[in-house]
Structure formats: C-alpha cells, structure tokens
Amino acid sequence: MTMTAGKWQRNARGAASIWALLARSSIYKLLALAAVMALGEAALFYISMRGGRGYELTDVINSSKISTTFLAALGLWLSALAGTERNIEEKSGNTINRLTLSRRGIFWVKAVFNIGCLVILFALQIWIAIWMVGAFGRERPEAYASPQRLFLAFYRIEFLHCLLPLAEAGKWVRNVFLVLALGMEAAAYVKGVPLTLLLLYFVTAGWFVGPVGGGLTDALCILVCVAVMVSNVWRLWKKDA
Amino acid sequence: MLEIKSLKKYYRTPLGGVEALRGVDLKIGQGEIIGLFGENGAGKTTLLKSILGFLPYEGEVLLDGEKIRRSNISRLSFATCEHSFFPNLTPEAHREFYKMHFGTFRDKRYEALMNFFELPKRKALKNYSTGQKNQFEVIMALCQGADYILMDEPFVGNDIFNREDFYKVLLGILEPEETILLSTHLLEEVDKFVGRAVLLRQGRVIGDVTMVELEEQNKTLMDYVKEVYGYRPDRVERALEELTGGEDE
C-alpha cells in the first residue's frame, strides 16, 4: 500500500514537472498570440462599427470577421502547442526518454495541457464577444437597447452561437469533442507533417460556424473527432504494449 | 553490474542496411571508469543509445540482472554532444525538473560544479556558448545521482584546458559506486582518467584492456590502440613517397 502511494506520488511529481516544462516552453508564444487575436478582433470590430458596415450588432460582428480571426488564431495556437512539444521531443528526447514517467503518462500530461490551453482560448473568445456586445450597446444604445441583447447576440450571430451554444446540446458535445480531439492530436504529434492535426483543423475551420441546429455537420464533426481520439489511444496502447 | 550480451543493431537504409553492432558482449562493473574508443561509425553512439533503450536492438542489456525499464532507468544518466537539455529553460529550471524526476539528484554537487565552471544559473541554455552547453550537459549527467553515467563525446567544442579541468574534477568527485562509460576520440587526453579501454570497430569489440594490464606490459593506450587496429606507422611515409615520387618523374 505504501509502495503504491509512493509510486503515485512520484508519478504525480513527474507529471507536474512535465506540465511546468510545457508551460515554461510555450507560455510566451501563447500569450503573444492571444494578445494579437484580442487586439486584432477589437480593431476589426471598431473599424466595422465606426465605418458604418451595418447598423445592427449582427451585421457589425459578421462584417468584422471575428470568426476568421478566431479560427486563424486557433490554427496558430495549435501550431505553437504542437511545435513546442515536438521541439521538446526532438531536442531533449534523450532526457524525456530517460524519465520514470511512461510515454503514455507523458502523452496524457501533454493532452490535458493542450486541452486546458484550448479551453482558455475559447474562454478568451467568449469574453471578447461579451465585451463587443457591451461596447456596441454603449456606442449605439438606440440600436440595441434590449436588456437581453447579450443573450440574443449568442442566438442570432452564428459564430457566437457556435462558440457558446446555450441550449443546443449537440453543439456543446461537438465543441467538447473538438477540443478533446485537437488537444490529443497536438500531443501525439512528434515528427514530420502533422497530417491528422491539419485535417482536424480544416474540419474545424470549415464546419465550426454553422446554423443553429446544424445536426448533420455537427454529427460528422463528432465522428471525425472520435476517430482521431480512438486512433490516438490505440497507437498509444500499441506503443506501450 | 551492467551486462551487454550479444547486442546487435541493424539500421535499415534505402540502399539496403547497415549492421551498426554485430554482437557486442561487455560487462561493466560498478565503479569502473571505461573509455569507449573507435573510429567514426564504429558503433559507439549506437551502443550507448541501445544500452539506454533509445533504439530497438537484438540481444540483452541487463542492469544487476534485470532488463532496463522505467523502474530502473534512473540508475543510468547520459551526457551527449547532441545535448539532452531543454534549450528554453534555465539551469535552475533544469535542477527543479531533475529533482522532481530523480530522487537521488545531487544538489550539493550541482552547486559546486556550476560555481566551478562559472555557469550563469538564470540564463536560458539556448543562450549559452557551445562549451558552456557541453559543461552543463555533463554536470546534469553527474548530478542526476545515477550509478552508471554514459557519456558520448561530451567535450566536442571545449578547449583543452577546459577538458583537463573536467577530468580532474571528475576524478575528485566521483563516489566509488559511480561508473563512467565515456565514448571519445581524445585517446591521449583520457588515458590517465580511464581505468579500462574498450575498442570498437565495425560494430564489434576488438579490444578490452585495463590500464593496469597496459602498465604491466609497459605500453601506452595509444600503443595498444595502434596495435589492435593494425596501424602501420610507415603508412604516411609511403603515401608521401608515392605522391612526391610522381612529381619528380
């Protein structure tokens, strides 16, 4: 029993150190990307709002192309995560391969780290969207004075609805699977061209923004994510076996 | 005891394949300091990486009778000219990382060696010079608290004084249970440091001798290496003769 507790403690310490290593190696890149995304979206939003590209909030947000900015940022965020982790494996593989933590353990630490980072990116985008709605209300109170403007914005604007699907369970499930699959695939990437990660990213970029209740594309998206996740777990299991 | 039994390694290449190790047998007792010598492509790096389990191989590598696994791999440390550290991290971050993974980390030794080599502790390693990187690489291998310290050309890029210092410091700090397997080309520099020399050629051990045996035979390590490799001292002379003779005609 004592042995098990000791081993568990050792593994937990090892996992924490890998987590710290990942954070130390990627934090500046991720923060810079997040700042560029936030500033870029804010600038595009103001240009759109003050440049008269629509009177309604929906038109302003749609014409400011924040969905494109977000999806581009997501791509760069993923490439920063996967690239950092590949560099660690490539340049410091001699150390990584000598750790008492198994390859499977290292993979899960990386995957959880990536998933956490992606959740932060989504949360940041939601926060930016909420700020935009507030800013629009302050700028044009006469155009959008409803007390439910925030709630309505997340229903009327497709991108915002896909980001925070409110009562649409199908999109919540899709988003959860997307984040899990992207995080796992970025963690699995070690060398060469990250084909599966690219495929998954293009699926996300192509299908993320869709109409309320777009069941078929969401289901396909979930299917792709499940396939990617299962293949990762299978490869990992095979490798460690 | 580290036992290597009939170790074979075959690399597949587009043009067929290369037999990098052709049945290496070696026994390394705890506390030994062994020099591993051989020309480029003799199999030194492959041997060290196979011992560590970085490469798949045929044969057996046993550490005190057990296969090397996650549970006992921390008894081996590795310093290589390819470097193993995390370039974005500082030495202090490495120390924390190692301490979390290797309970046997030698903190006092780390402090002493970092101070001796005057290495900055809060500078990211990617900003170190090549010589400093090598020094740090060896320091971490020595401080991990491993029983078997494997080194693969660790001093490539360091000046002679620096290397001399390292050998002296190494001899001064090593505990009796610490074993060194040092792969290098710098024969004449390490002959006072190593206690045993193992010679590899084309993936085979072709010589294995202790320095005491050499002393008894009144031979230097260089003499032994030349003898084993069949080095012909008149080789250069004859080649020069051929070259200059052609011009005279």
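For the criterion of being touching a helix residue (DSSP H, G or I) at 6+ places or on another chain (Cβ under 6 Å), at pLDDT 95 or above and assigned to a helix (DSSP H, G or I), residue A:33 passes. The single residue among A:103, A:10, A:50, A:24 that is over 25 Å from the mean Cα position of the chain (by Cα) and at the interface with chain B (Cβ under 10 Å from one of its Cβ atoms) turns out to be A:10. Mind checking whether some residue in the range A:124-137 is at pLDDT below 85, surrounded by 16 or more Cβ atoms within 10 Å (Cβ to Cβ) and part of a helix (DSSP H, G or I)? Within the range A:124-137 (the criterion being at pLDDT below 85, surrounded by 16 or more Cβ atoms within 10 Å (Cβ to Cβ) and part of a helix (DSSP H, G or I)), the answer is yes, since at least one residue qualifies. Counting only residues that are among the hydroxyl-bearing types (Ser, Thr, Tyr) and closer than 19 Å to residue B:96 by Cβ, the range B:119-178 holds 1 of them. Which of (1) assigned to a helix (DSSP H, G or I); (2) of a type in the set (Gly, Ala, Ser); (3) over 21 Å from the mean Cα position of the chain (by Cα); (4) within 10 Å of chain A (Cβ to nearest Cβ) is the odd one out, the single condition residue B:74 does not satisfy? All conditions pass for residue B:74, except number (3).
A count restricted to the range B:215-236 and to residues that are outside any helix (DSSP H, G or I) and on the phi < 0 side of the Ramachandran plot stands at 7.
Does residue A:96 satisfy being surrounded by 19 or more Cβ atoms within 10 Å (Cβ to Cβ), in contact with a helix residue (DSSP H, G or I) (Cβ under 8 Å, 6 or more places away or on another chain), within 14 Å of another protein chain (Cβ to nearest Cβ) and β-branched (Val, Ile, Thr)? No: the conditions fail for residue A:96.
Scanning the range A:36-76 for residues that are among the acidic types (Asp, Glu) and either closer than 19 Å to residue B:88 by Cα or assigned to a helix (DSSP H, G or I) (or both) returns A:41, A:59. Scanning the range B:56-67 for residues that are surrounded by fewer than 21 Cβ atoms within 10 Å (Cβ to Cβ), more than 30 Å from residue B:222 (Cα to Cα) and facing chain A (nearest Cβ under 10 Å) turns up nothing. I need the full set of residues from the range A:157-192 which are on the phi < 0 side of the Ramachandran plot, modelled with pLDDT under 85 and either surrounded by fewer than 16 Cβ atoms within 10 Å (Cβ to Cβ) or touching a Gly at 6+ places or on another chain (Cβ under 6 Å) (or both), in order please. Listed by number, the residues that qualify are A:167, A:190, A:191.
Kindly indicate the residue of the range A:27-47 that is within 14 Å of chain B (Cβ to nearest Cβ) and of a type in the set (A, V, I, L, M, F, W, C) and also surrounded by the fewest Cβ atoms within 10 Å (Cβ to Cβ) among those meeting that condition. Full working, then the answer.
Pass one, the range A:27-47, residues within 14 Å of chain B (Cβ to nearest Cβ): A:27-30.
Filter once more, so that each one left must be of a type in the set (A, V, I, L, M, F, W, C): A:27, A:30.
Numbers: A:27: 12, A:30: 18.
Out of the qualifying residues, it is A:27.
Checked against the criteria, residue A:79 counts as of a type outside the set (Phe, Trp, Tyr), more than 14 Å from chain B (Cβ to nearest Cβ) and part of a helix (DSSP H, G or I). Quick check: anything in the range A:85-104 part of a helix (DSSP H, G or I) and in contact with a Gly (Cβ under 8 Å, 6 or more places away or on another chain)? Within the range A:85-104, none of the residues are part of a helix (DSSP H, G or I) and in contact with a Gly (Cβ under 8 Å, 6 or more places away or on another chain). The residues listed here are B:35, B:41, B:23, B:31; of these, the one that is within 18 Å of residue B:198 (Cα to Cα), in a strand (DSSP E or B) and either under 16 Å from the mean Cα position of the chain (by Cα) or facing another protein chain (nearest Cβ under 10 Å) (or both) is B:35. Scanning the range A:185-208 for residues that are within 14 Å of the chain's Cα centre (by Cα) and closer than 27 Å to residue A:156 by Cα yields A:200, A:201, A:202, A:203, A:204, A:205, A:208.
Would you confirm, using the coordinates I've provided, whether residue A:217 is polar (S, T, N, Q) and surrounded by 20 or more Cβ atoms within 10 Å (Cβ to Cβ)? Criteria not met by residue A:217. Checking the range A:228-240 against the condition returns no match, with no residue being in contact with a Leu (Cβ under 8 Å, 6 or more places away or on another chain), small (Gly, Ala, Ser) and closer than 26 Å to residue A:89 by Cα.
Just checking, which of B:184, B:210 is of a type in the set (Val, Ile, Thr) and under 21 Å from residue B:84 (Cβ atoms)?
None of the others qualify; the one that does is B:184.
When the criteria are applied in full, residue B:163 fails the requirement of being charged (D, E, K, R) and more than 21 Å from residue B:111 (Cα to Cα).
Looking at residue B:97, is it touching a Leu at 6+ places or on another chain (Cβ under 8 Å), of a type in the set (A, V, I, L, M, F, W, C), within 11 Å of chain A (Cβ to nearest Cβ) and in contact (Cβ under 8 Å) with a residue 24 or more places away in the chain? So residue B:97 fails the test. Exactly one residue among B:71, B:84, B:50 is within 26 Å of residue B:127 (Cα to Cα) and of a type outside the set (D, E, K, R), and that residue is B:84.
The helices (runs of 4 or more DSSP H) found entirely in the range B:82-187 that carry 2 or more residues being over 17 Å from the mean Cα position of the chain (by Cα) and among the hydrophobic types (A, V, I, L, M, F, W, C) are B:91-101, B:107-116, B:160-173.
The values are calculated or read from the model by the stated rules, or taken from the named source; none is laboratory data. Please read these numbers as outputs of a predicted model, since none were measured by experiment. Ideal geometry is used to build each Cβ from the backbone, glycine not excepted, and the neighbour counts take in all protein chains shown.
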